[in-house]
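To start, the structure under review is shown below, and the notes come after it.
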Amino acid sequence: MNILFHTGAAIGIIALCAQHIPRAPRPAQQAGFSLLGCTLGIIAHGALDYVPHCYPIPAALDASLGLIIILLNILFASGRYRLIIGSTFLGTVLPDLIDLAPQVINKRTHMGIPTHTPYFPWHWKEYSGSVYQKDCVVSDINHLVLLALIVLVCLVYRRHLRRLYLQRR
């Protein structure tokens with residue numbers, strides 16, 4: 001699945017968790033919600049990579065836009081929620097950073113970074129939902145369903161989500 005879909009999932013996870021995050025989280029609560037967000041992000045990554053999917057967005061554009069979305073979310077988050085939001089985004093992209101980044105960097109730069117077989121099972125050929133043929137109808141439907149779910153969750157929890165981003169102190 002493209003990075004943009006993983007970052008979209010992070011936004012949905014943040015919206016779902018926002019209702020449970022206190023208005024003034026103590027450091028232990030920030031750490032707990034950060035760990036929860038990161039863990040849910042990794043699980044969501046696995047689920048998204050397991051379902052059949054094509055790659056509708058070119059890799060360089062995908063990575064660039066994904067990074068911009070992550071940075072903007074962290075930048076516009078209220079200070080007390082930045083760790084939670086950043087950790088959730090990290091969880092959704094961490095499996096790709098660990099398993100796929102060395103190959104991508106080598107392909108683009110010829111640096112010769114050591115590579116390894118993927119650690120995460122959804123990156124193994126037998127468990128990956130990657131579709132490399134021309135028929136991507138199922139993938140397109142899966143992407144549309146994911147985007148609709150993210151928008152729906154954000155709309156339902158918009159009041160809580162807004163609190164994470166619009167409070168300044």
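The values are calculated or read from the model by the stated rules, or taken from the named source; none is laboratory data. This is a predicted model, so every value here is computed, not measured. For neighbour counting, all protein chains shown are included, and Cβ atoms are generated from backbone atoms with ideal geometry for every residue, glycine included. The accessibility values were calculated without ligands, DNA or RNA, using every heavy atom of the protein model including side chains. Shrake-Rupley method; radii C 1.70, N 1.55, O 1.52, S 1.80 Å.
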Some residue of segment 101-121 being touching a residue at least 40 places away in the same chain (Cβ under 8 Å), open to solvent by less than 50 Å² (accessible area, probe 1.4 Å) and in contact with a Cys (Cβ under 6 Å, 6 or more places away or on another chain): no
Meets criteria (in a helix (DSSP H, G or I) and without any contact (Cβ under 8 Å) to a residue 60 or more places away in the chain) for I141: yes
Matching residues in segment 2-29 - criterion: being open to solvent by less than 40 Å² (accessible area, probe 1.4 Å) and without any contact (Cβ under 8 Å) to a residue 60 or more places away in the chain: P22, P25
Matching residues, segment 138-169, being open to solvent by 40 Å² or more (accessible area, probe 1.4 Å) and in contact with a strand residue (DSSP E or B) (Cβ under 7 Å, 6 or more places away or on another chain): N142
Failed criterion for G91 (all others in (1) open to solvent by 90 Å² or more (accessible area, probe 1.4 Å); (2) part of a helix (DSSP H, G or I); (3) modelled with pLDDT of 95 or more hold): (1)
Unmet requirement for D49, which otherwise passes all of (1) in contact with an Asp or Glu (Cβ under 9 Å, 6 or more places away or on another chain); (2) modelled with pLDDT under 95: (2)
